[in-house]
1. With respect to the numbered conditions (1) more than 18 Å from residue 402 (Cα to Cα); (2) open to solvent by less than 10 Å² (accessible area, probe 1.4 Å); (3) part of a loop (DSSP other than H, G, I, E, B); (4) not β-branched (Val, Ile, Thr), which one is the sole condition not fulfilled by residue 127?
2. Looking at (1) farther than 25 Å from residue 364 by Cβ; (2) surrounded by 17 or more Cβ atoms within 10 Å (Cβ to Cβ), can you tell me which one residue 137 breaks?
3. Test residue 338 against the criterion of being touching a helix residue (DSSP H, G or I) at 6+ places or on another chain (Cβ under 6 Å) and over 20 Å from residue 192 (Cα atoms), and give yes or no.
4. Collect the residues in the range 263-315 that are β-branched (Val, Ile, Thr) and open to solvent by 60 Å² or more (accessible area, probe 1.4 Å), keeping them in residue-number order.
5. How many residues are outside any strand (DSSP E or B), within 16 Å of residue 225 (Cα to Cα) and not charged (D, E, K, R) if we restrict to the range 243-282?
6. Here are some residues: 119, 153. Which one is more than 30 Å from residue 433 (Cα to Cα), open to solvent by less than 10 Å² (accessible area, probe 1.4 Å) and not in a strand (DSSP E or B)?
7. So how many residues does the range 86-116 have that are surrounded by fewer than 17 Cβ atoms within 10 Å (Cβ to Cβ) and more than 13 Å from the chain's Cα centre (by Cα)?
8. Identify, from the list 427, 381, the residue that is in a helix (DSSP H, G or I) and farther than 23 Å from residue 306 by Cβ.
Amino acid sequence: MVINNKSNNTQPENQATSCISHRGGVERSRSKGFKEIKRKVKYILKTPFRIFGKIQYHEYLESYKNLSKENFVNITTKPYSGMNTVKPIALYLPQFHSIPLNDKSFGRGFTEWTNVTKAIPQFNGHYQPHLPIDVGFYDLSKPDVMYRQVELAKMYGIYGFCFHYYWFSGERLLEAPIFNYLNNKDLDMPFCLCWANENWSKLWDGGNKELLMTQELKDNDDEKFFYDILPFFKDERYIKINNKPVLLIYRLNLFEEERIKTFVKNIKTLAKKEGFDDIHIIGSIVNKCTDPTIYGADAAMEFPPHYVKQKSAKINYVNKNFVGKIIDLKKYINQRQYIKECDFKLYKGIFPSWDNTARKAMSNAWVFISNPKLYKTWLIDLINWTKENHKIEEQFIFINAWNEWAEGAHLEPDQKYGYAYLQATKDALEETC
């Protein structure tokens, strides 16, 4: 409202003064608001310089988009033939729905997508963020998306999913998608469970700092755990070897040796009482390369990127605040450093790519520079090794992962590569039949 004092002679002086003061306040408020917007825009435009120093802005933009269509692979028109005896199992993360603990710890509505979408490139040529196509930004509290995931997985030769199962002395986390899968019998794809038995931490490292849930193994937990997962074992889709349900345990060495030995022995005994021949327990190789059979387990599984040891690559324009390692996988794969002999039963593991800067860019991130061609070379070798070293009923390879989006480890299609990693999986299987 504009005040004209000359034409408004009837207006009381104090009211006119009040209006003038109000007008000035509005104008000052608008001015302040515009300045604040201008300041924020200026900050955003300068962000690349704050992060990368003297890097030219156009180079940063090229790094940021980094979505060259020459890398993009369209969906296949010829589904997997199904002739290979090797059965790839993709590890599956259920953290794509909100739960009360995450709401309380990270903010209401938090899911894994919260981490994924905040990622930015940390060096020139760095592919971030990883954003999905096809399945999109799904909510796993609803089973609908799982039908499409099963369809895609089968189309490209994935034999089954291995769901991470978060169980803390009787309390479950993130279990809704897994029970949705169990209860929807027309999701016609084999599956098994991996007990993700480590601490639930704000740092996403299973360590002992900023704990949200502590992993313990109490005296009465053996029976409690077994009967909690028994409905899954009894499902005809559950992956079994000669009537032995396959159960992965992420960190057997987390507990005292005698305690975990007792746990393994007890759940195997309970399985036999329930009509199974045994449980085929697989311990993943994490932190220390220990023979899991010393705990009573039946086999080990490689869980890369653990034990993928390489020197950091020389990279231009690293964010000065970045904390972590950047590793080029080319040498590791070309020199076949993943072929290692051991004196216990071992299932090979592989990842399509790995980049957890979405979670840990400022706190010990790992970035493994890879591409679908390198992944395919690695997978072909593992398929051949598996055929040479395992009976047909035990020819499994574990892929980390189907959907670890915040760790850059996903077979699910994305905006840069499209269906390239799925296609590489299918090609590797068909070329080694």
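1. Going through the list (1) more than 18 Å from residue 402 (Cα to Cα); (2) open to solvent by less than 10 Å² (accessible area, probe 1.4 Å); (3) part of a loop (DSSP other than H, G, I, E, B); (4) not β-branched (Val, Ile, Thr), residue 127 breaks only (2).
2. (2)
3. no
4. 269, 294
5. 13
6. Criteria check complete, one pass: 119.
7. Final tally of qualifying residues: 9.
8. 427
The values are calculated or read from the model by the stated rules, or taken from the named source; none is laboratory data. No experiment lies behind these values; they were computed from the predicted model shown. Methodologically, a virtual Cβ is constructed for each residue, glycine included, from the backbone with ideal geometry; neighbour enumeration extends over all protein chains shown. To get the accessible areas, we keep the full protein, side chains included, count just its heavy atoms, and leave off ligands, DNA and RNA. Shrake-Rupley method; radii C 1.70, N 1.55, O 1.52, S 1.80 Å.
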